[in-house]
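I'd like to ask you about the structure that follows.
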Amino acid sequence: MSELVSDIQKILGETGLVLGWAATGAGGVAAPERFHTAEEAEAAIFDSTCVHNLAVHLPRLKARAVGIVAKACDARSIVELIAEHEIDRELVKVIAVTCPEMLDVKTIWRRHGYGAVIEDDGGELRVNGELVDRAAYTQAKCLGCEERPSASISASVRLQLSEDFQIMNVEERRTFWREQFSRCIRCHACREACPMCYCRDVCIMQTSDPHWTGGGINAGEAEMMQMIRVNHLAGRCTACGECERACPVGIPLMLLMEEQNRAIYEMFDYRAGVDPEAKPPLLTFDIKGDGWGEE
């Protein structure tokens, strides 16, 4: 019995439910799974295809005790949910795992066919039995992960995109994002995958009062929807990358989120998902006590 299975079975004795992964997806890759019994837990796995941030399910389960298997980036989301009092720390039992370089399964399947069999022993990576370049299929968020300073991969298309973005002027950036958001199909996959977008029943992207966006599929309304979401995540984004991974049209959403996270850190010395006792800076704003602009 693996240590992970043993840990899940132990937590099940306290909670009756543990969120984890099992090899039930296409091609045998990991898919999110809910374990209720010791027997079910024997199917639990953790490998480089366990890409989902399972913290997204916690707000829906906040009334009950629950265990969760969490990578470092997932754990930051859990911390931020605690900081916002969206979940009760006493009810959440975290099973921390050390993650490998997580694979971009979507890219693998796009290039090698949906359901292509992925074999990863931590060294060589094979797809449908063929040896492939691991660096070409590693998730972009792992490149700059502070929890993995010894990551073996270096420059990538993503890093080049970030460097190119840095030298753009304001108008060039605006043009860039208008082009990106023109592909948005308003599927809300980014919102559904984000652990911090938990106010779905009253999401301002869909409300009629106030009526910020309509239902039309056009570039202008898509841009408004995306900017609303980004601004609502200011000081709250934990950089798990799930929004970008879930996007079916390949919008580089994390490029925008990383820029905003950088600005929040420079302005407020704050990083989301670090301290469960801290409050996101934009949740502590008081218009009556606003000191901006004062000497």
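Only the coordinates and a few stated rules stand behind these numbers; no lab work does. Not measured: the values here are computed from a predicted model. Backbone-built Cβ (ideal geometry, glycine too); neighbour counts: all protein chains shown.
Hey, fewest Cβ within 10 Å first, where do 2, 48, 162, 182 land in order?
Fewest-to-most Cβ neighbours within 10 Å comes out as 2, 182, 162, 48.
Taking 0.36 nm per residue of separation and subtracting the Cα-Cα distance, what length does fully extending residue 278 through residue 231 add?
Stretched out fully, the residue 278 to residue 231 stretch lengthens by 15.0 nm.
Which order do 284, 107, 138 fall in if you start with the one that has the fewest other Cβ atoms within 10 Å?
Going from least to most buried by this count: 284, 107, 138.
Report the FRET efficiency, 1/(1 + (r/R0)^6), for residue 219 and residue 85, where r is their Cβ-Cβ distance and R0 is 41 Å, rounded to 0.05.
Result of the calculation: an efficiency of 0.65.
Okay, next question. State the extension gain, in nm to one decimal, for the chain segment bounded by residue 192 and residue 60, taking 0.36 nm per residue of separation less the distance between their alpha-carbons.
46.3 nm
Among 12, 17, 54, which comes first, then next, by fewest other beta-carbon atoms within 10 Å?
In increasing order of surrounding Cβ atoms, one gets 17, 12, 54.
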